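Trainee: This is the structure I have questions about; it appears just below.
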Amino acid sequence: MSPQKIEGLPREMIALRVSREIQDGMYVNLGIGIPTLVSNWIEGKDVYLQAEIGMLKTGALADGDDVDQDLINASCQAVCALPGSSYFDIAESFAMIRGGHIDVAVMGALQINVRGDYAGWSNPSRGLFVGNVGGSMDLCAGAKKLYIAMEHTTKDGELKIVNELSYPATAEGRVSMLFTDLAVIEITPKGMVLKEVMAGLTPKDVQSVTEPKLIIDPKCKEMEL
Amino acid sequence: MDKVLPSLEAAIADVKDGVMIAIPGFFACGVPRALLQALIKKGTKNLTLACGCGPMLGAADELKQLTLNGQIKKVIDSYGLFRSASKGMADPFEQAIRAGKIELEIYPMGTMAEKYRAAGAGIPAFYTPTGVGSVMENIVNEIKEKRTPKETKIINGKKYVLEYALQPDFAFIHCKIADREGNLRYAKTARNFNHVMATAAKITIVEAENIVEPGQMDGDDVHTPGIYVNRVVKVERPKFAITID
């Protein structure tokens with residue numbers, strides 16, 4: 001039986017919290033889902049978004065007359081270019097990803113464990129062995145820092161932060177920070193360190209929906225938004 | 001040499017049953033739709049479609065027809081299934097995969113890109129960190145018997161997977177501008193897999209929205225030099241919805 005689900009922050013607020021980690025001058029790749037929403041909170045920052053399709057400095061979503069069928073992001077949405085945007089071919093795009101030139105990749109996840117392994121590319125409930133891996137494993141292999149932004153539990157309250165993954169892994173030991181609707185957790189060699197909790201919750205509340213034993217940072221604080 | 005042919009039919013005349021064709025495009029963007037439509041009309045069967053990031057999902061009408069005609073034997077891609085599981089279940093292509101009638105093999109996108117780049121550059125295989133610690137250390141194929149282990153190697157204390165170059169028989173390419181000698185220029189993010197696939201294939205067939213005389217395109221503006229290109233056909237600028245299910 002799943003533990004009692006806790007209502008957390010909306011997805012936009014998870015994205016806002018992640019955006020606090022994105023500094024001027026960074027080259028960043030945002031995955032599909034909550035990570036994409038991070039782009040709504042970095043306006044005014046000097047940040048360069050990379051799209052796997054072969055573009056640096058991706059602009060806002062395009063509509064109306066701005067839509068160009070030759071200009072889309074990695075989620076198949078029409079986007080705008082910005083002054084200083086550049087385009088390149090796919091081998092170049094993944095050379096910069098695998099080659100360690102991306103400062104931060106933010107990805108969604110189905111499950112994550114205490115060692116920073118995570119699963120996000122294939123949902124076995126689909127009943128197929130194959131899945132849509134896209135560029136996720138390349139980003140895991142090459143980004144300098146890998147952050148996960150996700151809901152703490154599934155809609156039905158099943159745990160997503162687990163001792164052992166039951167879904168196929170995207171990568172092992174690559175996640176450094178985890179941002180959820182309830183908490184901010186750092187993945188360290190000693191284990192998962194609880195750094196911040198949503199206003200109104202206690203570390204114990206967060207532990208009740210987290211399978212691995214959390215290490216409570218002595219400076220653990222309320223999540224600042 | 002003038003590489004321009006008068007029709008798509010003439011350009012794909014020697015595309016025979018059982019060949020492997022590289023299909024560029026990143027979802028809906030940069031897909032050679034006119035050549036795919038010519039392939040549907042020609043009815044060539046037993047095809048392996050070597051993709052990169054779901055071009056057939058972005059050309060869902062063409063995928064449906066190729067599937068219903070029984071033209072596809074295998075698809076190689078990083079993103080081969082519809083994004084929506086429920087829409088996928090209802091689609092003939094995914095049903096054919098489930099029924100074992102079409103084989104789907106999956107590699108990480110960067111590995112797909114490098115497979116083509118390597119083939120075009122005379123590199124038979126390469127070690128990559130991508131996929132280490134995942135099922136990608138084996139061939140990821142819906143058919144269980146095909147899931148054999150890939151070779152791995154520790155280099156400077158870190159594990160890598162050996163991946164092989166992929167040389168298709170043909171590449172179908174979509175570009176914005178071609179000159180008669182096969183120099184190509186792409187538009188924005190429609191470049192994606194087009195250049196590497198043009199370099200990888202034994203025979204590269206291009207559909208171009210515009211054809212110009214040699215010299216009308218500045219040498220500095222060429223993305224794919226004509227040495228990689230065998231045939232060019234003029235097509236209308238395609239109209240399509242920028243979406244995938």
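The values are calculated or read from the model by the stated rules, or taken from the named source; none is laboratory data. Please read all numbers here as calculations on a predicted model, not as lab measurements. Quick reminder, even Gly has a Cβ in these numbers, built from the backbone with ideal geometry, and neighbours come from all protein chains shown.
Trainee: Select from the stretch A:15-44 the residues that are of a type in the set (Gly, Ala, Ser) and under 16 Å from A:PHE179 (Cα atoms) and write down the one among them that is surrounded by the fewest Cβ atoms within 10 Å (Cβ to Cβ). Lay out the reasoning, then the answer.
Mentor: We begin by selecting, within the stretch A:15-44, every residue of a type in the set (Gly, Ala, Ser); these are A:15, A:19, A:25, A:31, A:33, A:39, A:44.
Now narrow it down to the ones that are under 16 Å from A:PHE179 (Cα atoms): A:15, A:19, A:31, A:33, A:39.
On the way: A:ALA15: 24, A:SER19: 21, A:GLY31: 24, A:GLY33: 18, A:SER39: 22.
If we take residues in the stretch A:15-44 being of a type in the set (Gly, Ala, Ser) and under 16 Å from A:PHE179 (Cα atoms), then A:GLY33 is surrounded by the fewest Cβ atoms within 10 Å (Cβ to Cβ).
Trainee: Given the residues B:ALA96, B:ALA119, B:ALA113, which is the only one that is among the small types (Gly, Ala, Ser), part of a helix (DSSP H, G or I), within 7 Å of chain A (Cβ to nearest Cβ) and out of contact with any strand residue (DSSP E or B) (no Cβ under 6 Å at 6 or more places or on another chain)?
Mentor: B:ALA113
Trainee: Next question, about the same structure. Does the stretch A:123-144 contain any residue that is closer than 29 Å to A:ASP63 by Cα and more than 13 Å from every other protein chain (Cβ to nearest Cβ)?
Mentor: At the first step, the residues of the stretch A:123-144 found to be closer than 29 Å to A:ASP63 by Cα are A:132-136, A:139.
From what is left, the residues that are more than 13 Å from every other protein chain (Cβ to nearest Cβ) are none.
Scanning the stretch A:123-144, I find no residue that is closer than 29 Å to A:ASP63 by Cα and more than 13 Å from every other protein chain (Cβ to nearest Cβ), so the answer is no.
Trainee: When you look at A:GLU164, is it modelled with pLDDT of 95 or more, outside any strand (DSSP E or B), out of contact with any helix residue (DSSP H, G or I) (no Cβ under 6 Å at 6 or more places or on another chain) and not aromatic (Phe, Trp, Tyr), yes or no?
Mentor: Numbers: modelled with pLDDT of 95 or more: yes; outside any strand (DSSP E or B): yes; out of contact with any helix residue (DSSP H, G or I) (no Cβ under 6 Å at 6 or more places or on another chain): yes; not aromatic (Phe, Trp, Tyr): yes.
It is true that A:GLU164 is modelled with pLDDT of 95 or more, outside any strand (DSSP E or B), out of contact with any helix residue (DSSP H, G or I) (no Cβ under 6 Å at 6 or more places or on another chain) and not aromatic (Phe, Trp, Tyr).
Trainee: Would you point out the residue of the stretch A:68-96, among those that are in contact with a strand residue (DSSP E or B) (Cβ under 7 Å, 6 or more places away or on another chain) and β-branched (Val, Ile, Thr), that is nearest to the other protein chains (Cβ to nearest Cβ)?
Mentor: Of everything passing the filter in the stretch A:68-96, A:ILE72 is nearest to the other protein chains (Cβ to nearest Cβ).
Trainee: Out of the stretch B:122-142, which residues are more than 9 Å from chain A (Cβ to nearest Cβ) and either under 18 Å from B:LEU49 (Cβ atoms) or crowded, with 23+ Cβ neighbours inside 10 Å (or both)? Steps first, answer last, please.
Mentor: Filtering the stretch B:122-142 for residues more than 9 Å from chain A (Cβ to nearest Cβ) gives B:122-127, B:137-139.
Passing the criteria: only B:ILE139.
Trainee: Whether any residue in the stretch B:56-71 is in contact (Cβ under 8 Å) with a residue 40 or more places away in the chain and surrounded by fewer than 18 Cβ atoms within 10 Å (Cβ to Cβ) is what I want to check.
Mentor: Scanning the stretch B:56-71 turns up no residue that is in contact (Cβ under 8 Å) with a residue 40 or more places away in the chain and surrounded by fewer than 18 Cβ atoms within 10 Å (Cβ to Cβ).
Trainee: Further, regarding this structure: Inside the stretch B:54-81, can you point out the residues that are of a type outside the set (A, V, I, L, M), within 25 Å of B:ALA165 (Cα to Cα) and either touching an Asp or Glu at 6+ places or on another chain (Cβ under 7 Å) or part of a loop (DSSP other than H, G, I, E, B) (or both)?
Mentor: Correct list: B:GLY54, B:GLN71, B:LYS73, B:LYS74, B:SER78, B:TYR79, B:GLY80.
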